[in-house]
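A.B. asks: Please find one structure pasted underneath; my questions will follow.
Bear in mind these aren't lab numbers, they're just calculated from the coordinates by the rules spelled out. Model, not experiment: these values are computed from the prediction. Cβ: placed from backbone, ideal geometry, glycine included. Neighbour counts: every protein chain shown.
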Amino acid sequence: MEGRLLRFVAPRRVELTDVVVGPLGEGELLVRTQWSGISGGTELLAYRGELDAGSALDETIASLGGRFEYPFAYGYACVGRVVASRAGGIDEGATVFAFHPHQDLFTVPARDTVTLEGIDARVATMFPIVETALQVSLDAGPRLHESVVVLGLGPVGLLAAALMQRGGADVTGVDPRRDRREAAALFGIPAVDVADIRAVVDGATSGAGVPLVVEATGHPAALAQALDLLRHEGEVLVCSWYGTKEVSLPLGGAFHRRRLQIRSTQVSTIPARLASRWDVPRRRQAAARLMGELPLKLVATDEVPFEAAERAYAALDRGEAGLMHVELRY
């Protein structure tokens, strides 16, 4: 059998290529793709050529072996129908989400799939975004009636803000893009422009600062601003991956004397402090439930034919107004 696979071949260049689809092994599924989602975070860095070529694609996903060395396949949000199954509990004809690069026909270990019953297949491409946002909220910890600022209202930042708000935090979103602030309002999250957040924080905290800022912009300069918004012993939780972009930070007196903290959040693993209560299967089950509870159709804004994938990446790269999440249609 043959399939078509999307590969990154150079900075800001992708192409479709024919590939042989291997025989179905024990515990695997043969899936024909209906939709796949493009990540506006790590995947956009890959498109721009802003990732270290020596870094592994993702050691936790079977279909993402190798490194960010051109040409390479990358992506982890395919939704399709099971054509054949050698995995117990998943029958032919089932619709599954699969952690797999953009490809129209592929085999995948059943452990790298999730069955999402009752979820629109197009919306289901957002499963890894919901799971990432859930991990951000878990790493943020309980924040009942605490002021939290989320910098960057792309899909991950927006959904993380929504989940923290559901947990009782008083969340304010920040984004320079008016369309993203309007999207936040539809989720019930107050949002302001970057230029206004300092005044908002000062007014809400009498100048003391907030205990937590989530940095989800993808821009290194935002991290310095995040530090400036913190109260004594406040924390910045960084879910951005800056890739090869350099980060310059003011780590002088204010950072030192106020005992400020910078911590990363990442979805590939469960942090040690949560390992007694959470593992990846439990987190995926929780994310699957959230898929039916969050208004994700507000975020699934654009669809593009698989054959025109290059157009989709270019639109994300430009930051077109109104664009939040792009789904490739097969």
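A.B. asks: Determine how many Å³ per residue the convex hull of the Cα atoms of the chain encloses. Walk me through the numbers before you get to the answer.
C.D. replies: On the way: hull volume 42.9 nm³, N = 330.
Looking at the chain, the number lands at 130 Å³ per residue.
A.B. asks: Pairs of alpha-carbon atoms within less than 8 angstrom and 6+ residues apart define the contacts here; what relative contact order does the chain have, in percent? Display every interim value, and only then the final one.
C.D. replies: Working: 691 pairs, mean separation 57.5, N = 330.
Rounded, it is 17 percent for the chain.
A.B. asks: Between the helical axis of 127-140 and the dominant principal axis of the chain, each derived from Cα atoms, what acute angle in degrees is found, rounded to the nearest 10?
C.D. replies: That helix lies at roughly 30 degrees to the long axis.
A.B. asks: OK, next. In region 33-154, with Lys and Arg counted as +1 and Asp and Glu as -1 at Cβ, which of these residues, 108, 134, 119, has the Cα nearest the positive end of the dipole, that is, farthest along it?
C.D. replies: Selected residue: 119.
A.B. asks: Between beta-carbons, use under 12 Å as the cut-off and find the net charge around residue 183, counting Lys and Arg +1, Asp and Glu -1. It would help to have the intermediate numbers written out before the result.
C.D. replies: Numbers: positive: 177, 178, 180, 181, 297; negative: 175, 179, 182.
Net of charged neighbours comes to +2.
A.B. asks: Need the full-extension length gain, residue 196 to residue 249, defined as separation in residues times 0.36 nm minus the C-alpha distance. One decimal, nm. Each step should come with its number before you reach the end.
C.D. replies: On the way: separation 53, 0.36 × 53 = 19.08 nm, distance 2.12 nm.
Separation in residues times 0.36 nm, less the Cα-Cα distance, equals 17.0 nm.
A.B. asks: Rounded to the nearest 500, what is the 222 nm mean residue ellipticity of the chain from helices alone, with -39500 (n - 2.57) per DSSP H run of 4+ residues and division by all residues?
C.D. replies: Rounded to the nearest 500, the figure is -7500 deg cm²/dmol.
A.B. asks: Can you tell me the orientation of helix 280-291 relative to the chain, as the angle in degrees between its alpha-carbon axis and the longest Cα principal axis, to the nearest 10?
C.D. replies: The angle comes out near 80 degrees.
A.B. asks: Okay, next question. Below 8 Å, C-alpha to C-alpha, sequence gap of six or more: please give me the relative contact order for region 52-117 in percent. Spell out each step's value before the answer.
C.D. replies: Numbers: 108 pairs, mean separation 19.2, N = 66.
Over region 52-117, the number comes to 29 percent.
A.B. asks: To continue, here is another question. Calculate the translational D of region 43-189 in whole µm² s⁻¹ from Stokes-Einstein, where the hydrodynamic radius comes from the Kirkwood formula applied to all Cα pairs, the temperature is 4 °C and the viscosity 1.567 mPa s. Could the numbers behind the result be given before it?
C.D. replies: Values: Rh = 17.4 Å.
Translational diffusion coefficient: 74 µm²/s.
A.B. asks: To continue, here is another question. In whole Å, how far is the Cα centre of region 10-79 from that of region 144-172?
C.D. replies: 30
A.B. asks: In nm², what is the average projected area of the convex hull enclosing the Cα atoms of region 112-222?
C.D. replies: Working: hull surface 32.2 nm².
Computed as one quarter of the Cα hull surface, the answer is 8.1 nm².
A.B. asks: Let's see if you can work this out: charge +1 on each Lys and Arg Cβ, -1 on each Asp and Glu Cβ, no other charges. What is the dipole magnitude of region 1-90 about its Cα centre, in debye to the nearest 20? Present the calculation step by step, with values, prior to reporting the outcome.
C.D. replies: On the way: 9 positive and 11 negative charges, 64 e Å.
So the magnitude is around 300 debye.
A.B. asks: Which value, in debye to the nearest 20, gives the size of the charge dipole of the chain about its Cα centre, when Lys and Arg are +1 and Asp and Glu are -1 at the Cβ?
C.D. replies: Numbers: 34 positive and 41 negative charges, 142 e Å.
Rounded to the nearest 20 debye, it is 680 debye.
A.B. asks: For region 194-301, what is the relative contact order in percent, using Cα pairs closer than 8 Å and at least 6 residues apart in sequence?
C.D. replies: On the way: 110 pairs, mean separation 21.6, N = 108.
Relative contact order of region 194-301: 20 percent.
A.B. asks: How large is log10 of I(q)/I(0) for region 235-330 at q = 0.11, 0.12, 0.17, 0.24 Å⁻¹ when the intensity is taken from the Debye formula with one equal scatterer per alpha-carbon?
C.D. replies: The Cα Debye sum returns log10 ratios of -0.62, -0.73, -1.09, -1.18.
A.B. asks: Ok, one more. Net charge around residue 62, counting only other residues with Cβ within less than 9 Å of its Cβ (Lys, Arg = +1; Asp, Glu = -1)?
C.D. replies: Working: positive: 111; negative: 112.
Residues near residue 62 contribute 0 overall.
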